[in-house]
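Peer 1: Take this structure, written in structure tokens, and hold onto it; I'll ask about it next.
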Amino acid sequence: MAAEPKGHWRGLRNAAVLLLIWEIVGRLDLVAGGALPGFSEIVIRLYEDWGDYPRHIWATVYASTLGFLIGNALGIGAGVVFAMSPTMLRLFRGVNIAVFALPPIAIAPILVLTLSGMAPRIALAALGVYFVTMTATVIGLSQADSRATDVIRAYGGSRWDALRLVRFRGALPSILAGLRVAAPNAVLGAILAEFGGGGRWGLGAYLLGSLGRGEPDRLWGIGLVATLIAGLSYAGFALLASRTLGATRAVTLNTAVPETDTGNRSLAVRIALTLGTIALPFIMWWGFIKLTGVPDLISKTPWGVVQYLFLGPTAESAQSRLLAALAETLPITFVGMAAGLLFAFLLAISSRFFPRAIEAFLPVALVTQTMPLVALTPLLVLILGRGTSLTLWVTISVTFFPAFVTLAQGLALVPRSAEDVPRAYGASRWTEMRMVTLPASLPYLFAATRLTVPRALLGVMIAEWLATGKGLGNLLNQSRGFLDYGMIWTVAAVSVLLSVIFYQLVVIVEKRVLRRLGMATAE
């Protein structure tokens, strides 16, 4: 019997098979009358258009790199402060959740209005990486070896000595894993800002200028270049982790902002912390407006949004338009999120029963995750049209993979000893999965749900913005065209508020369910 090829050769073989299928399907025009060109046709068009690419690539890489550096500096610095001070972690909880739940498409027009030059791209790239790196840093520092820390203190070392000599070194694997996830996010943030009107040069601007020309090979080329940049950034930090730590490790991003112990604090202190947690995001919003010095006509403070939506002369019209958009966006968001979670759940279970089949599918899944959404959506429009099916596909594609990775890791971490018990009694693999493996991995199901909440809303809004002409995404696009700055700020605020509310609802349900089952929450 022939020996089974090693993992990396098997991956290359699967990729070659997928490219061959792509070439055949594209050459025979089997998808939407040529909406999916053959891979060789895309490469040829890339070669023909290559003179256009260097300045666009440079603009995107420059902005994403600066945003990556700034966002990670803030993320690591904040992570250290939060790990050392539970009070600060509790106080900034609202800010951290808002940053995580922030739909980039909603904030991109705000940044373009208030900042100039490359600043919107850099800011959105930095926002895209901050939460990932901050969370990874806090988790890594919190999981340091307490015995080594006690030795430092026994010899008269300070908390900062313990942080520098023990905790930060122990946190390095977690931080590198966070950087690996953050790198593609920086590329996506820069491209979204470019697509939202942030300058002439950049892959997002190039893609925007290429829409509507009926040239799918060019659109696919731009999308693949963007995917390659994001993928290389991910692979670069994976290689760095491998060389630094000796091996790469699959690390799940815990999207729960860690809880702090408030039991020893007085009621007055707890109330003050809660009020500060709620107020701080709005204070930072107000401070951002004042620091940028943008005229009141363009910028809206929190009170300005309230006036526009409830007290101004056009409040009734604004409310009706907003409610109509929400009625179109929210149902498809819930359906897409549920479908993405279901697909991820089935895929994670299948990975235990059919690992080789899932392994062959993963390259396609990885491409859908590293390809920036604004590059993926126009390509799906060519294939699926501009209906509800497009919105569902976009939403599923951006939600299922992180949820699958989280669920698959949860299933893999179930102790083998626990699974041996039903096997000893002759239970089938499915019975073992249903009675032991799935209940034990329940915390990871909630973690996956937290991951999908803001991504689902982001996917729906991008599809609405670029294709369907409905919902919040379209309202945001129309408001930009009409220079309705009040509605732009309102849509941004409402989309963030919705994501935070959905996130918190998942956290509440998670706590109650896991407490009832006697399991620790992820927070």
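Peer 1: Label 7 Å along Cα→Cβ of Ile298; segment 104-128 residues with amide nitrogen under 12 Å?
Peer 2: From segment 104-128, the list is 110-117, 120.
Peer 1: In whole Hz, what ³J(HN,Hα) sequence does segment 319-335 give by Karplus (6.51, -1.76, 1.60; θ = phi - 60°), x for Gly and Pro?
Peer 2: My calculation for segment 319-335 gives 5, 5, 5, 5, 5, 4, 5, 4, 5, 8, 7, 5, x, 5, 5, 5, 5 Hz in order.
Peer 1: Rounded to the nearest 0.05, what FRET efficiency do Gln307 and Arg386 give with R0 = 35 Å and r taken as the Cβ-Cβ distance? Could you check?
Peer 2: FRET efficiency, Gln307 to Arg386: 0.50.
Peer 1: Roughly how many nanometres apart are two label points built 7 Å out from the Cα toward the Cβ at Trp58 and Met84?
Peer 2: 4.1
Peer 1: Calculate what fraction, in whole %, of the accessible area of segment 12-143 sits on carbon and sulfur atoms when a 1.4 Å probe is rolled over the protein chains.
Peer 2: Carbon-and-sulfur percentage of accessible area, whole number: 72.
Peer 1: If you roll a 1.4 angstrom probe over the protein chains with everything in place, what fraction of the accessible area of segment 437-520 belongs to carbon and sulfur, to the nearest %?
Peer 2: 63
Peer 1: Whole-Hz Karplus ³J(HN,Hα) for segment 66-79, in order, using 6.51 cos²θ - 1.76 cosθ + 1.60 and θ = phi - 60°, x for Gly and Pro?
Peer 2: 4, x, 4, 5, 5, x, 6, 4, 5, x, 5, x, 5, x
Peer 1: Could you calculate the contour length gain from Ala238 to Ser320, that is, 0.36 nm times the residue separation minus the distance between their Cα atoms, to one decimal place in nm?
Peer 2: Length gained, Ala238 through Ser320: 24.7 nm.
Peer 1: I've got another one for you. Give, as ranges by residue number, the residues of segment 70-92 whose backbone N falls under 11 Å from the point 7 Å along Cα→Cβ of Phe282.
Peer 2: none
Peer 1: Report Rg (one decimal) and Dmax (nearest whole number) for segment 443-505, counting Cα atoms only, units Å.
Peer 2: Computed over the Cα atoms of segment 443-505, radius of gyration and Dmax are 13.4, 46 Å.
Peer 1: Separation between the Ala73 and Leu497 pseudo-spin-labels, each 7 Å from Cα along Cα→Cβ, expressed in nm?
Peer 2: Roughly 3.5 nm, to one decimal.
Peer 1: Oh, and also: Please give the contour-minus-distance gain from Glu48 to Ile24: 0.36 nm per residue of separation, less the Cα-Cα distance, rounded to one decimal in nm.
Peer 2: 6.5 nm
Peer 1: Search the structure for amide H atoms under 5 Å from the amide H of Gly312, placed 1.01 Å from N in the peptide plane, and list their residues when 5 or more places away or on another chain.
Peer 2: Amide H to amide H, under 5 Å and 5 or more residues apart or across chains, Gly312 pairs with nothing.
Peer 1: Which ³J(HN,Hα) values, rounded to whole Hz and listed in residue order, are derived for segment 486-500 from phi using the Karplus coefficients 6.51, -1.76 and 1.60 in 6.51 cos²θ - 1.76 cosθ + 1.60 with θ = phi - 60°, glycine and proline given as x?
Peer 2: For segment 486-500, the Karplus-derived couplings read x, 6, 4, 5, 5, 4, 4, 5, 5, 5, 5, 4, 4, 4, 5 Hz, x marking Gly and Pro.
Peer 1: Something else now. Would you give the gap between the C-alpha center of segment 33-102 and the C-alpha center of segment 464-499, rounded to a whole Å?
Peer 2: Distance between centres, Cα-based: 22 Å.
The values are calculated or read from the model by the stated rules, or taken from the named source; none is laboratory data. Please read these numbers as outputs of a predicted model, since none were measured by experiment. Note that each Cβ is placed from the backbone with ideal geometry, even for glycine, and that neighbours are counted across all protein chains shown. Ligands, DNA and RNA are excluded from the accessible area calculation, which covers all protein heavy atoms including side chains. Shrake-Rupley method; radii C 1.70, N 1.55, O 1.52, S 1.80 Å.
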